[in-house]
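For reference, the structure is listed below as structure tokens.
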2 protein chains.
Amino acid sequence: MLVSAMNTPRSGRPALSRPDGTPVRVLVVDDDPDLAEVLSGALRYEGWDVRTAGDGATAVAEAGDHMPDAVVLDVMLPDTDGFAVLRSLHGVQPDVCVLFLTARDAVEDRIAGITAGGDDYVTKPFSLEEVVARLRGLLRRAGMARQLEEGPRLVVGDLVMDDEAREVTRAGELIELSPTEFELLRFLMRNPRRVLSKAQILDRVWSYDFGGQAHVVELYISYLRKKVDAGREPMIHTVRGAGYVLKPVVR
Amino acid sequence: MLVSAMNTPRSGRPALSRPDGTPVRVLVVDDDPDLAEVLSGALRYEGWDVRTAGDGATAVAEAGDHMPDAVVLDVMLPDTDGFAVLRSLHGVQPDVCVLFLTARDAVEDRIAGITAGGDDYVTKPFSLEEVVARLRGLLRRAGMARQLEEGPRLVVGDLVMDDEAREVTRAGELIELSPTEFELLRFLMRNPRRVLSKAQILDRVWSYDFGGQAHVVELYISYLRKKVDAGREPMIHTVRGAGYVLKPVVR
DNA sequence: GAAACCTCTGAGGGCGCTCTGAGGAACATG
DNA sequence: CATGTTCCTCAGAGCGCCCTCAGAGGTTTC
């Protein structure tokens, strides 16, 4: 799995930043150190300032010290209940956004009221792209989107993606996508003109526990081409032996 | 800490604001910390400036300090009776609006006497959508509605909802809805063109103590479709794997 | 006290989504 | 040109999401 230790955002894109210009601060709370590592790696890759904690008490202490803008919080923690942690966090920092991580079968358990407060949750196993997207959504709504490029819309050439409405259009025409197709295209659109390897795409778009082959990526690229490039000037290109690129059409 | 986030509703909708432009100030008084947390989260999401108190004494002190425009007040408090708190509050701030939270089979007669004074009440267990709607109604009637968009009418395409008259029309035709259908539609209409997950809808439209499955949401969406979309161009759309969207018909 | 209405549970079924496998096309290399 | 590699696409199976119906239990209304 690709875990970059970079402290800077990937090239070409401005980082989502706080109003004072410093990077967004995120706290990752999970008792599985491997998962915490993968998550924080992915978030650092976004150019964010990431800390981690393994339990609720540490999380609250760390939050008081670090003053994060957002917290990625596993509901199943060794010491406390997620709801109590949420309350403590909001006590320490009222404006903090929280993204919960929860097991699929425990979804209905006690998430009640959480999404109503503007917070959000993601079920395990999740894809990193999903976590990042949700987190960006939370931060944007909390007024963290000061910079220009990164609104709720993603634009590459005449291709436009509206994340909230979950709508994609090319040259004004609506394109209907399945969930996986949508996430794949979002990943491509967030990295235009950049060759992405199949391994990279798998790590990002598919769940971390996906055991399948890289062949699925080819398949879904082919699905996307049929919908996005259908009869038009192609934007999705194959780079043999390297991966795929999304490029705006040259004029 | 982000101060601007307090003034901006996370929902992206224009906030109901006070005549001087500052956000509406609300005090939540409930001895159940979980419920207080959920309530204040939902109200903050509306862009309001929220404080909480766990008992009557704290509530009065907080009100004197914070000067709220409205108070959400549990009738059953550990130290004092809610009505005593009301008297104290009116002593501190005569113009304050009060929304009572009360058990279903509680003293409805005394409540009735109170609400004659322009205040309102909601019975437990309530939905957040109901609390927010009542609070908006109180604030609007108290002259807090200076903004343009959010009157008593909600309009999406040819679909119109009059909240106070509890009337819904599409293309001029009256549509009769049950209470739950009405609240669900209001939630959809307050978030047009925005995909809402079943969890979000459950958290918002159903009571906080509802233990059921997300399956009900599907059921009520189907009820709504039969009434709102019946034979017309559909406005309610399913986004597989994500949720539902209400969209005005493309012109 | 009966009727009408509302809300939710459970079951059944349709169909969209995801992935596997296989065959063939396109490309690189000798 | 021959051969191996990489990639594309089709077909289809399995699964899970979603829709709908029918009916029980509760509430409101008259």
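Calculated from DSSP H runs of 4 or more alone, at -39500 (n - 2.57) each and per residue, what is the 222 nm mean residue ellipticity of chain A, nearest 500? If you can, show how the numbers build up before the last one.
Values: 7 runs with 78 residues, N = 251.
So the calculated ellipticity at 222 nm is -9500 deg cm²/dmol.
How far is B:T238 from the same spot in each other copy, in nm, shortest first, if each label point sits 7 Å from Cα toward Cβ?
Its label point is 3.5 nm from the equivalent points in the other copies.
Could you order peptides B:221-228, A:48-55 by the average number of other Cβ atoms within 10 Å of their residues, highest first?
A:48-55, B:221-228
By counting other Cβ atoms within 10 Å of each Cβ, how are A:Y45, A:Y208 ranked from fewest to most?
A:Y208, A:Y45
Helix A:56-66 sits at what angle to the longest principal axis of chain A, using alpha carbons and giving 0 to 90 degrees rounded to 10?
Rounded to the nearest ten degrees, it is 80.
How high is the relative contact order of chain A, in percent, counting Cα pairs under 8 Å that sit 6 or more residues apart? Don't jump to the answer; show the numbers that get you there.
On the way: 398 pairs, mean separation 36.4, N = 251.
Rounded, it is 15 percent for chain A.
Classify segment A:20-74 as rounded, prolate or oblate, taking a ≥ b ≥ c as the square roots of the eigenvalues of its Cα gyration tensor: rounded when a/c is under 1.5, otherwise prolate if a/b is larger than b/c and oblate if not. The partial results should precede the final answer.
Working: a/c = 2.80, a/b = 1.18, b/c = 2.37.
Oblate.
With only alpha-carbon atoms in the gyration tensor, what are the semi-axes of the equivalent ellipsoid for segment B:179-224, in Å, largest first?
16, 11, 10
So what's the angle, to the nearest 10 degrees on a 0 to 90 scale, between helix A:128-141 and the longest Cα principal axis of chain A?
So the helix axis and the longest Cα principal axis differ by about 70 degrees.
Defining a contact as two alpha carbons under 8 Å apart and six or more residues distant in sequence, what relative contact order in percent does segment A:25-81 show?
With pairs under 8 Å counted, the relative contact order is 49 percent.
Taking square-rooted eigenvalues a ≥ b ≥ c of the alpha carbon gyration tensor, is chain A rounded, prolate or oblate, where a/c under 1.5 means rounded and, failing that, a/b exceeding b/c means prolate?
Numbers: a/c = 1.90, a/b = 1.69, b/c = 1.12.
Because a/c hits 1.5 or more and a/b exceeds b/c, chain A counts as prolate.
Which of these, A:Q200, A:Q93, A:Q213, has the largest mean-square fluctuation under a Gaussian network model of chain A (Cα springs below 10 Å)?
A:Q213
Based only on other Cβ atoms within 10 Å, what is the fewest-to-most ordering of B:H90, A:H90?
Ordered from fewest to most neighbouring Cβ atoms within 10 Å, B:H90, A:H90 come out as B:H90, A:H90.
Which angle between 0 and 90 degrees, to the nearest 10, do you get for helix A:82-92 versus the longest principal axis of chain A when only C-alpha atoms count?
For helix A:82-92, the angle is close to 80 degrees.
Quick note: the coordinates plus some simple rules give every number you see, no bench work behind them. Remember, predicted model here, so these are calculated numbers, not experimental data. Ideal geometry is used to build each Cβ from the backbone, glycine not excepted, and the neighbour counts take in all protein chains shown.
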